[in-house]
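Peer 1: Supplied in structure tokens, the structure appears directly below.
Taken together, the values in this text are just the output of simple stated rules run on the coordinates, not laboratory data. Given the structure is predicted, the values throughout are model-derived calculations rather than measurements. Cβ coordinates were reconstructed from backbone atoms using ideal geometry, including for glycine residues, and neighbour counts include every protein chain displayed.
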Amino acid sequence: MTTRVRFAPSPTGYLHIGSARTALFNYLYARNVGGKFLLRIEDTDLARSTEESTRSILEGLEWLGFSHDEEIVFQSGNAGKHRAAALKLLEEGKAYRDFTPKGDPGEKNIKAAIVERARANQGEKHMRDNEFRDISKNESDKRAADGEPFAIRLKVPFEGKTSFDDAVYGLQERDFDEIEDLVLLRSDGHPLYNLAVVCDDIEMAITDVIRGQDHLTNTHKQILIYEALGKTPPRFAHLPLILAPGGKKLSKRIHGEIVSMTTYRDAGFLAAAFRNFLALLGWSAGEEQEIYRLAELIEKFSLDGIHRSNATFNFDANNERRWTDDKAIWFNAEYIRTLPIEDLLPHVVKELKSAKLWREEYEEDDAEWFAKTVDLIRERFYTLKDFSGQGRAYFSEDFDFDEKAVQKNLKKHPDLKEWLPELADRLESLDDWTHDPLYDLVSKFAEEKNTKVGVIMNGARALLTGLAVGPSMIAVFETLGKEKSIMRLKSRIAWNE
RNA sequence: GGCGCAUUCGUCUAGUGGUUAGGACGCAAGGUUCUCAACCUUGAAACAGGGGUUCAAUUCCCCUAUGCGCUACCA
């Protein structure tokens, strides 16, 4: 039987970082064993589900490069089948109608209400004391026929336990005492989550369910449904959660944009880098390697390598430099500087286009220059945004001068105001615009002015790029070319007092 | 309240009944350098606590603590 896994988000927001990792692991697992990776949108909660969320999630998945197999399944489209399943169980006596009026949680905190109710019961087991569990079929049918509203509950047996062998957490057992007669169908006819999931997973012939650990205890309920339906449950693998610093839940409400996949895309992350980072959050191949191309991830992925404890996504909301996990940023920088240049170029092109710095020549006559320049400047960049930010001076005459750079590298040495234009004149007569002659000329110039070559270099860098930091000055001369270099050396803009 | 799951440097993690408990990010120092990165070298940094079992426990068992999850006619 071929392996079939699914990623099943509910469209109530953008693609969350934890969901993204669940999708990743499902994807890697499927590709590793040569199975199918399916997508199901769990849009049964119509009040909260939006088309926009669905779109955003799909966008996120696409960005990450997880292509799904087969058609996307929308859970809402299967409500009829879910209802039929509940009715079938009712017919077979494996479920019953509960005519208890629907309770109204109102504005009360749901968690508090649960605890309150449990405390009232003081540890007594009240799982099977529903008064409608054992009423006669006749009475049940009659009340239903009279139009009395009811929910359908699964009839969980008195004695016994469910068990399953989780691929991550090992053998899990749960006594029936701990499981209430769960509602399958609401009194308004809508199926509940546990029923819907089981029905859809059966329908989609899912063989392995890989999902967040928050479903670990619910799995027992789902197994009961599988059994009632006469189906064999799939294999389960539960994933540890990704938490915020301090061990708290990572939520969009509290932590905002940082949990959204689109944030990373828009911040200039490479999907490959983020994917790599995500893969190592809760999974390890058991070796010291950390950089994995997608093909390698697929090849090495195994459920055995999944951790059992939750991971913290480490960031500091109060520190701009640490707006997201340091290691994620490191991965991105590492990818930017080590990717084969031809793989990086399309991303830079896109960035320059969106920053209005793009010129068609970069793809034509100046293609070689473009590749060389990107290669030169990428080494100290962290995100794709840097190509249009710090890298602006390489692609445009319209760039800003960093005030600190001007102070430190130009104004602190007032002589440079005369020297640099003078250097420009010298350069004018240089025919061979390559490293050695350039270096010779500049160092001779410095010697002549009785100053350190660094003073000239740093001053020139500030004038030519607007920054105090950047590639070797000679390399900047080379890449900018004679004309622009001379022009900028003579420019007075930066000196503007 | 009940039930479940977890706990190795700040973070991500490797690992084992006997190890100097390893790596990565970050941090610090030094080297290199026209600056900043990169790179190289070095450093600080961890087995939650208490009981067992054992010749030996970070590793196995129990308890406690802490965190997380579930406990809903939410998903």
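Peer 1: What shape does segment A:292-371 have by the C-alpha gyration tensor, where a ≥ b ≥ c are the square roots of the eigenvalues, rounded means a/c under 1.5, and otherwise prolate means a/b greater than b/c and oblate the rest? Could you put the intermediate results ahead of the total?
Peer 2: Values: a/c = 3.80, a/b = 1.64, b/c = 2.32.
It comes out oblate by the Cα gyration axes.
Peer 1: Quick one: net charge around residue A:293, please, counting Lys, Arg +1 and Asp, Glu -1 for every other residue with C-beta under 14 Å from its C-beta.
Peer 2: -2
Peer 1: Report the antiparallel proportion of the DSSP beta bridges in chain A as a percent, rounded to a multiple of 5.
Peer 2: In chain A, DSSP labels about 55 percent of beta bridges as antiparallel.
Peer 1: Rounded, prolate or oblate: pick one for segment A:77-202, where a ≥ b ≥ c are the square roots of the eigenvalues of its C-alpha gyration tensor, a/c under 1.5 means rounded, and failing that, prolate if a/b is larger than b/c, else oblate.
Peer 2: rounded
Peer 1: Would you mind calculating the gained length between residue A:227 and residue A:55 on full extension (0.36 nm times residue separation, minus the Cα-Cα distance), in nm to one decimal?
Peer 2: In short, 58.4 nm is gained.
Peer 1: Round to the nearest 10 and give me the degree value, 0 to 90, for the angle of helix A:326-338's Cα axis relative to the longest principal axis of chain A.
Peer 2: 50
Peer 1: Would you mind ranking A:133, A:392, A:6, A:235 by Cβ crowding within 10 Å, fewest neighbours first?
Peer 2: Exposure proxy ranking, most exposed first: A:133, A:235, A:392, A:6.
Peer 1: Cross-link partners among aspartates and glutamates for residue A:411, C-alpha distance below 19 Å, same-chain residues fewer than 8 apart left out?
Peer 2: Of all the aspartates and glutamates, those that pass the test against residue A:411 - Cα under 19 Å, at least 8 places apart if same chain - are A:400, A:402, A:403, A:422, A:497.
Peer 1: Taking square-rooted eigenvalues a ≥ b ≥ c of the alpha carbon gyration tensor, is segment A:256-304 rounded, prolate or oblate, where a/c under 1.5 means rounded and, failing that, a/b exceeding b/c means prolate?
Peer 2: Judged from the Cα gyration tensor, segment A:256-304 comes out prolate (a/c at least 1.5, a/b above b/c).
Peer 1: Report the dimensions of segment A:140-185 along its three principal axes from the alpha-carbon atoms, largest first, rounded to Å.
Peer 2: Principal-axis extents of the Cα atoms in segment A:140-185, largest first: 48, 21, 12 Å.
Peer 1: With respect to the cross-link table entries A:252/A:353; A:221/A:300; A:327/A:372; A:327/A:385; A:412/A:484, which display a Cα-Cα separation exceeding 21 Å?
Peer 2: Pairs exceeding the cut-off: A:252/A:353; A:221/A:300; A:327/A:372; A:412/A:484.
Peer 1: Translational diffusion coefficient, Stokes-Einstein: compute it for segment A:1-159 using the Kirkwood radius over C-alpha pairs as Rh, at 25 °C and 0.890 mPa s, and state it as an integer in µm² s⁻¹.
Peer 2: Values: Rh = 19.4 Å.
Diffusion coefficient, whole number: 127 µm²/s.
Peer 1: Roughly speaking, what is the centre-to-centre gap between segment A:309-336 and segment A:1-40 when only Cα atoms are used, to the nearest Å?
Peer 2: If we compute the Cα centre of each part, the gap is 24 Å.
Peer 1: Further question: Name the GluC sites (Glu not before Pro) in segment A:313-411 that are in a loop by DSSP and that have at most 11 other C-beta atoms within 10 Å, would you?
Peer 2: Passing sites in segment A:313-411 are A:364, A:397.
Peer 1: If you build the Cα gyration tensor of segment A:20-114 and take the root of 5 times each eigenvalue, what three semi-axes come out, in whole angstrom, biggest first? The partial results should precede the final answer.
Peer 2: Working: eigenvalues 220, 87, 38 Å².
In descending order, the three semi-axes are 33, 21, 14 Å.
Peer 1: Shifting gears a bit: Assign unit charges at the C-beta atoms only (+1 for Lys and Arg, -1 for Asp and Glu), then state the dipole size of chain A relative to its Cα centre in Debye, rounded to the nearest 20.
Peer 2: It works out to roughly 1360 debye.
Peer 1: Now for a separate question. Pulled fully out, how much extra length does the chain show between residue A:100 and residue A:469, if you take 0.36 nm times their separation in residues and subtract their Cα-Cα distance? Present the calculation step by step, with values, prior to reporting the outcome.
Peer 2: Working: separation 369, 0.36 × 369 = 132.84 nm, distance 7.21 nm.
Full-extension gain reported as 125.6 nm.
Peer 1: Convex hull over the Cα atoms of segment A:208-323, averaged projected area in nm²?
Peer 2: 9.5
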